[in-house]
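**Student:** For reference, the structure I am asking about is given below.
Every number here is computed from the coordinates shown, using simple stated rules; none is lab data. Everything quoted here is computed from the prediction, not taken from an experiment. Glycine also receives a Cβ, built like all others from the backbone with ideal geometry; neighbour counts cover every protein chain displayed.
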Amino acid sequence: MTAIDLLLKRNQELGNATPGDRSSASPSLHVAILTCMDARIRVFEIFGLLQGESHVLRNAGGVVTDDMIRSLALSQRKLGTTEVLIVQHTSCGLNTVTEDSFKDELETDCGLRPTWAVEAFKDVQASVRQSVRRVRTSPFLPHKDNVRGFVYDVHSGELTEVS
């Protein structure tokens, strides 16, 4: 059985048992949570979220990129979110690479050098501050007053706000 087959089987077993309101694409808490794709970050469990309460945006590192700004602009302008919660984490895979080394690796393997930024970082708190700053300075986002950033400790489960 493949991983996809396993997930489909779990979905069938779950049925319609997931609590929450599915009546609208607009999240009832009016918040967008931006975090890393790391499988150890269980966003719904960490925040006790129910379906329909929040938009959850994920990418490698949980960094604010142009594509995240695109998603946040749609989330705010068309679906009513007014707050942004940024959560990066300890022991992130982006701590193990550098911008140039990863691009060199891709260029060697593929024959092409990517035009996009890897967004590798060594200091997770500095990365969170940068992501918060990118949201607060984006001309595309109307709601920038309530943007907060945190570091999630993947071992203890603790959230620490970055100021």
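**Student:** Please report the relative contact order for segment 1-139, taking Cα pairs under 8 Å with a sequence separation of at least 6, and give it as a percent rounded to a whole number.
**Tutor:** Values: 170 pairs, mean separation 33.3, N = 139.
With pairs under 8 Å counted, the relative contact order is 24 percent.
**Student:** Hey, if you drop one equal point scatterer on each alpha-carbon of segment 117-163 and run the Debye formula without solvent, what base-10 log of I(q)/I(0) do you get at q = 0.26, 0.31, 0.32 Å⁻¹?
**Tutor:** Result of the Debye calculation: -1.00, -1.12, -1.14.
**Student:** Then there is this: At 10 °C and a viscosity of 1.306 mPa s, what translational diffusion coefficient does Stokes-Einstein give for the chain, taking Rh as the Kirkwood radius over Cα pairs? Give it in µm²/s as a whole number. Intermediate results must be reported in sequence, preceding the final value.
**Tutor:** Working: Rh = 17.3 Å.
The estimated diffusion coefficient comes to 92 µm²/s.
**Student:** Roughly how compact is segment 32-98, stated as its Cα Rg over 2.2 N^0.38 Å to two decimals?
**Tutor:** Details: Rg = 12.4 Å, N = 67, 2.2 N^0.38 = 10.9 Å.
That works out to 1.14 for segment 32-98.
**Student:** Determine the principal axes of the Cα atoms in segment 70-154, then give the extent along each, sorted from largest to smallest and rounded to whole angstroms.
**Tutor:** Cα extents, longest axis first: 44, 29, 19 Å.
**Student:** Dipole of the chain, Cα-centred, from +1 at each Lys and Arg C-beta and -1 at each Asp and Glu C-beta, to the nearest 20 debye? Write out the running numbers ahead of the final one.
**Tutor:** Values: 18 positive and 21 negative charges, 118 e Å.
For this selection, approximately 560 debye.
**Student:** Summing Lys, Arg as +1 and Asp, Glu as -1, what charge do residues with Cβ under 14 Å from the Cβ of Met37 carry, Met37 excluded?
**Tutor:** That works out to 0.
**Student:** What does DSSP give for the chain in terms of the percent of beta bridges that are antiparallel, rounded to the nearest 5?
**Tutor:** Values: 4 of 22 bridges.
So the antiparallel bridges amount to about 20 percent of the total.
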